[in-house]
Amino acid sequence: MLINIAGGFCWETLQDGDIGNWERMHRMNVLTAATMTQAALPAIRRSDCGRIINIGALGALAADAGLGAYAASKSGVHRMTEALAKELADTKVTVNALLPSIIDTDANRQAMPEADTRQWVSPSAIADVMLFLCSAEAASISGALLPVSRGGV
């Protein structure tokens, strides 16, 4: 099992931002997941029920102003998930991505002190979906991009 949860975020407009942040977001979100997946694939393919779960982003489905670099990189995670699921379709390995909105963490609360946090997704809700995707009951789900809300999928 591999869960690609490492990643990063930045908010800035393209006009006023640093183009280097586009590269940084791509490295942090896409290349980290691709590198870890490539390294783990030999062992995962040997498994009787390998699982790969990537963390995408709901905001990458329809980006808002200031989210260009972040959304583009998370869209890359989404496309990697779909492509890899097709590559591994003849195996017992499943590949899926979770697409949370804003995750309710201390860092996000500090970064957005005035935000309404009632709809933010708890880490435990994300963990519950991960546990399900790792179960035998989820063996037929692969290539899915699953939005995760406050109450789960």
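The values are calculated or read from the model by the stated rules, or taken from the named source; none is laboratory data. A quick note: this is a predicted structure, and the numbers were derived from the prediction, not measured. When we count neighbours, we look across all protein chains shown, and the Cβ atoms used for this are built from the backbone with ideal geometry, even at glycine. Accessible surface areas use protein heavy atoms only, side chains included; no ligands, DNA or RNA. Shrake-Rupley method; radii C 1.70, N 1.55, O 1.52, S 1.80 Å.
Overall, the accessible surface of the chain at a probe of 1.4 angstrom is composed of carbon and sulfur to the extent of 57 percent.
For the stretch 73-116, the spread of Cα coordinates along the three principal axes comes to 48, 19, 14 Å, biggest extent given first. The antiparallel fraction among DSSP beta bridges confined to the chain stands at about 5%. Sequence-distant contacts, meaning Cα pairs under 8 Å at least 6 residues apart, place the relative contact order of the chain at 25 percent. Placing unit charges on the Cβ atoms of the charged side chains and taking the dipole of the chain about its Cα centre, the candidate lying farthest along the positive direction among Ile44, Ile141, Asn96 is Ile44. An ellipsoid equivalent to the stretch 17-124, defined through the eigenvalues of its Cα gyration tensor, has semi-axes of 29, 17, 12 Å when rounded to whole angstrom and sorted largest first. About the centre of its Cα atoms, the chain shows a dipole size close to 500 debye [charges on the beta carbon of Lys, Arg (+1) and Asp, Glu (-1) only; nearest 20 debye].
Using the Cβ-Cβ distance between Arg150 and Ala65 with R0 set to 25 Å, the FRET efficiency works out to roughly 0.55. At an R0 of 30 angstrom, the distance between the Cβ atoms of Thr105 and Cys134 translates into a FRET efficiency of 0.85.
With each label modelled as a point 7 angstrom along the Cα→C-beta vector, the Ala39-Thr117 pair spans 3.3 nm. A cut-off under 10 angstrom between Cβ atoms defines the neighbours of Val121, and their net charge, with Lys, Arg +1 and Asp, Glu -1, is 0. With the simple spin-label model, which puts each label point 7 Å out from Cα in the Cβ direction, the Lys92 to Ile19 separation comes to 4.9 nm. Placing Glu137, Glu23 in order of accessible area, with the largest value first and a 1.4 Å probe, yields Glu137, Glu23. With all protein chains kept in place, the per residue accessible area of the stretch 3-77 amounts to 54 square angstrom at a probe of 1.4 angstrom.
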